[in-house]
Amino acid sequence: MRAEVGVYWQLVKAGFRRQTHYRLAMVAGLITNLVFGFVRAAVLTAAVHANNGFGGYDSGTIGAYIWLSQGLLGAIAFWTLPDIVERIRTGDVAIDFLRPIDVQFAHLAEYLGRATYSLLPRGLPSMLVGALTFGLALPTTAGPYALGVISLAAAIALSFLSMFAVCLAGFWMVDTRGLRALHMICGTFLAGLFAPLHLFPEWLRAIAYATPFPSMLQWPIDVISGRTTGMAAVGIVVVQCLWLGVLVAVGQLVLRAGRRKLEVQGG
């Protein structure tokens, strides 16, 4: 067991090192984050000034929502193409099945390393620029940040496991781009990227709450920004853990079904 954990830890470190080679992509991602951050900030700040009680947000808290969400975009796996897609297409996944480690957890460990690195050159500068230009209302105590780190780690894992499960459709389909695009569009909307879920009509908010997507963005932002505190914040982390269990189980079941379906031709 200890040796197996050590292998996954090495995969986390390998993912971190792998991402360090894409410095130019990190710069491009940061610029994109900032451009869209300024657009969102201009629109939503104007909406806050024009409407009292704008979902419970004021200028400072809407700034925290916007720039925290922009900072997390590089780590949340809505736009990430997991390596499993290409490995299923080429049949290399058959080699993965022969290795003495779990395929799903191995890919998750590698992604956690990549996501952690992306927070450094993309996430932190985005939030710093937001704080200097629009201002952010953030907690002054350590509690929300400590719980926020746990919530953020769960959000990153959830986003990857969700996309990973969608990509496993490649065992039965020639091309999964349509499914991945649908997952990205629905996921980003229901996660609260375009507008906070607190602004949604009640019926649409109920639909979002029935999915794991709010746990990938809106909930960790609410915890880190201090909008949700105390036992309510702990409850969010518990819900995230429950969704983690669900998505791990779904991934394992689909992987087993895909393994029975897999046929590799050639020498």
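The values are calculated or read from the model by the stated rules, or taken from the named source; none is laboratory data. Predicted, not measured: the structure shown is a model, and the values here were computed from it. For neighbour counting, all protein chains shown are included, and Cβ atoms are generated from backbone atoms with ideal geometry for every residue, glycine included. Accessible surface areas use protein heavy atoms only, side chains included; no ligands, DNA or RNA. Shrake-Rupley method; radii C 1.70, N 1.55, O 1.52, S 1.80 Å.
Brief remarks on what is shown
- Each residue in segment 208-230 was checked for being modelled with pLDDT of 95 or more and loosely packed, with under 15 Cβ neighbours inside 10 Å, and 1 of them qualify.
- Single condition Asp175 does not satisfy, out of (1) part of a helix (DSSP H, G or I); (2) over 23 Å from Ala153 (Cβ atoms): (1)
- Inter-residue pairs, beta-carbon under 7 Å, first at negative phi and in segment 95-115, second of a type in the set (Asp, Glu) and in a helix (DSSP H, G or I), 6+ apart: Ile101/Glu4; Val103/Asp96
- Criterion: under 17 Å from the mean Cα position of the chain (by Cα) and part of a loop (DSSP other than H, G, I, E, B) - qualifying residue of Ala195, Ala157: Ala195
- Condition check for Leu158: touching a Ser or Thr at 6+ places or on another chain (Cβ under 8 Å) and of a type in the set (A, V, I, L, M): yes
- Matching residues, segment 44-55, being surrounded by 14 or more Cβ atoms within 10 Å (Cβ to Cβ), at negative phi and not hydrophobic (A, V, I, L, M, F, W, C): Thr45
- Restricting segment 45-61 to residues that are in contact (Cβ under 8 Å) with a residue 40 or more places away in the chain and not polar (S, T, N, Q) leaves a set whose member that is farthest from Arg227 (Cα to Cα) is Phe54.
- The single condition among (1) open to solvent by 30 Å² or more (accessible area, probe 1.4 Å); (2) touching a His at 6+ places or on another chain (Cβ under 6 Å) that Asp58 does not satisfy is (2).
- Picking from residues in segment 130-146 that are assigned to a helix (DSSP H, G or I) and open to solvent by less than 40 Å² (accessible area, probe 1.4 Å), the one that is farthest from Val254 (Cα to Cα) is Gly130.
Per-residue answers, yes or no, for (1) without any contact (Cβ under 8 Å) to a residue 12 or more places away in the chain; (2) surrounded by 23 or more Cβ atoms within 10 Å (Cβ to Cβ); (3) closer than 22 Å to Ile66 by Cα:
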{"position": "Ala232", "(1), (2), (3)": "yes, no, yes"}
{"position": "Val238", "(1), (2), (3)": "yes, no, no"}
{"position": "Cys241", "(1), (2), (3)": "no, no, no"}
{"position": "Arg260", "(1), (2), (3)": "yes, no, no"}
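- Selected residue [buried (at least 17 other Cβ atoms within 10 Å of the Cβ), closer than 16 Å to Ile156 by Cα and modelled with pLDDT of 90 or more] from Gly15, Gly74, Gly37: Gly15
- Pairs where the first residue, in segment 180-192, is at pLDDT 90 or above and assigned to a helix (DSSP H, G or I) and the second is of a type in the set (Ser, Thr, Tyr) and open to solvent by less than 60 Å² (accessible area, probe 1.4 Å), C-beta under 6 Å, 6+ apart: Leu190/Thr211
- A single entry from Ser69, Ser151 fulfils the requirement of being farther than 30 Å from Leu255 by Cα, among the hydroxyl-bearing types (Ser, Thr, Tyr) and either touching a helix residue (DSSP H, G or I) at 6+ places or on another chain (Cβ under 8 Å) or without any contact (Cβ under 8 Å) to a residue 60 or more places away in the chain (or both): Ser69.
- Any hit, segment 78-95, residues being within 17 Å of Gly192 (Cβ to Cβ), in a loop (DSSP other than H, G, I, E, B) and open to solvent by less than 20 Å² (accessible area, probe 1.4 Å): yes
To keep it simple, each residue is scored yes or no on (1) within 25 Å of the chain's Cα centre (by Cα); (2) open to solvent by less than 40 Å² (accessible area, probe 1.4 Å); (3) free of Cβ contacts under 8 Å to residues at least 40 places away in the same chain.
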position	(1), (2), (3)
Ala3	no, no, yes
Val7	yes, no, no
Gln19	yes, yes, no
Met26	yes, yes, no
Ala42	yes, no, yes
